Amino acid sequence: MQGKTEVVTPRLRDVVVALGSNQGDRQGHLEYAVSALEEHLAGMRVSPLSETVAEAVGQQPDFLNGVVVGLTELSPENVMNILLGIERERGRIRPYAGAPRTLDLDLILMGACVCENASVQLPHPRFRQRRFVLEPLVAIAPTLVDPITGLTMAELLSALTSEAR
């Protein structure tokens, strides 16, 4: 009798990446990032971009921000390495925390993945307080669920808006 061979199919997960730039050709940096991410994320959706004031980082130029949502079979660590590589390609340097940046790519969510290790923390620890992440995310994926709170992105934005009042 022959043994059964189990075929393990990698599972696709939603991936949310926040995009930001406040140095140089901001629009060009974000367009580059979107193009590079298309090579790694299937069915990618891109939010509208918006200009936002740099928060809690001293006097800096305004940011251009947006988000992308796509699908991947990659691990969180692999996605993070891809994001860091794209940032380096656009001249990102990190002289100090909160420094101005040509390109900032933050891994926000990967499906229901909850993890914290030396290279990745998912979900991103501060995304629930960031209107510049939640507003564009709600524009393209309002029903995505935060695996920690169980709330949709639309509900998180509504809660943040209520807090601001």
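Apply the Kirkwood formula to the range 73-126: the hydrodynamic radius equals the inverse of the mean of 1/r over all pairs of different alpha-carbon atoms; give it in Å with one decimal.
12.1 Å
List the residues whose amide H sits under 5 Å from the amide H of Val67, counting only those 5 or more places along or on another chain, with H placed 1.01 Å from N in the peptide plane.
HN-HN under 5 Å from Val67: Leu19, Ser47.
Give me the Debye-computed log₁₀ of I(q)/I(0) at q = 0.10 Å⁻¹ for the chain, equal point scatterers on Cα only, no solvent, two decimals.
Rounded to two decimals, the profile gives -0.38.
For the Cα atoms of the chain, what angle does the longest principal axis make with the long axis of helix 131-140, in degrees from 0 to 90, nearest 10?
Once rounded, the angle reads 50 degrees.
Calculate how steeply helix 26-38 sits against the longest principal axis of the alpha-carbon atoms of the chain, using the helix alpha-carbon long axis, and give the answer as 0 to 90 degrees to the nearest 10.
It is inclined by approximately 0 degrees.
Calculated FRET efficiency, Val145 and Glu39, Cβ-Cβ r, R0 41 Å, to nearest 0.05?
0.95
Rank Gln129, Leu144, Ser35 by how far each Cα sits towards the positive end of the charge dipole of the chain (+1 on Lys, Arg Cβ; -1 on Asp, Glu Cβ) and give me just the farthest.
The Cα lying farthest towards the positive end belongs to Gln129.
Let me know the shape class of the range 124-165, please: from the alpha-carbon gyration tensor, a ≥ b ≥ c as square roots of the eigenvalues, rounded when a/c is under 1.5, otherwise prolate if a/b is greater than b/c, or oblate. It would help to have the intermediate numbers written out before the result.
On the way: a/c = 1.37, a/b = 1.19, b/c = 1.16.
Note, shape of the range 124-165 comes out rounded.
Could you work out how far the C-alpha centroid of the range 27-104 sits from that of the range 122-160, in angstrom?
Between the Cα centres of the range 27-104 and the range 122-160 lies a distance of 17 Å.
From the backbone phi of the range 69-84, what are the Karplus-calculated ³J(HN,Hα) couplings (6.51 cos²θ - 1.76 cosθ + 1.60, θ = phi - 60°) in whole Hz, Gly and Pro given as x?
Once rounded to whole Hz, the list reads 10, x, 10, 8, 9, 5, 6, x, 5, 5, 5, 4, 4, 5, 4, 4.
How far apart, in nm, are two points set 7 Å out from the Cα along the Cα-to-Cβ line at Arg94 and at Asn81?
About 1.6 nm separates the two model spin labels.
Taking the chain as a Gaussian network, Cα atoms linked when under 10 Å apart, which of Pro125, Pro100, Pro76 shows the biggest mean-square fluctuation?
Pro125
Suppose each label sits 7 Å from its Cα in the direction of the beta carbon; what would the Asp25-Gln60 distance come out to in nanometres?
2.2 nm
On average, how much accessible surface per residue is there in the range 1-148, in Å², for a 1.4 Å probe, leaving out ligands, DNA and RNA?
Spelled out: the 1.4 Å probe surface of the range 1-148, per residue, equals 55 Å².
Please give the helix 153-164 orientation as an angle from the longest Cα principal axis of the chain, in degrees from 0 to 90, rounded to the nearest 10.
Rounded to the nearest ten degrees, it is 30.
Pop out the carbon and sulfur fraction of the accessible area of the range 63-139 as a percent, whole number, probe 1.4 Å.
For the range 63-139, the apolar C and S fraction of the accessible surface comes to 52 percent.
The values are calculated or read from the model by the stated rules, or taken from the named source; none is laboratory data. Computed from a prediction, not measured in an experiment: that's the story for all the values here. Cβ coordinates were reconstructed from backbone atoms using ideal geometry, including for glycine residues, and neighbour counts include every protein chain displayed. Each accessible area value is taken on the protein alone, full model and side chains, heavy atoms only, with ligands, DNA and RNA left out. Shrake-Rupley method; radii C 1.70, N 1.55, O 1.52, S 1.80 Å.
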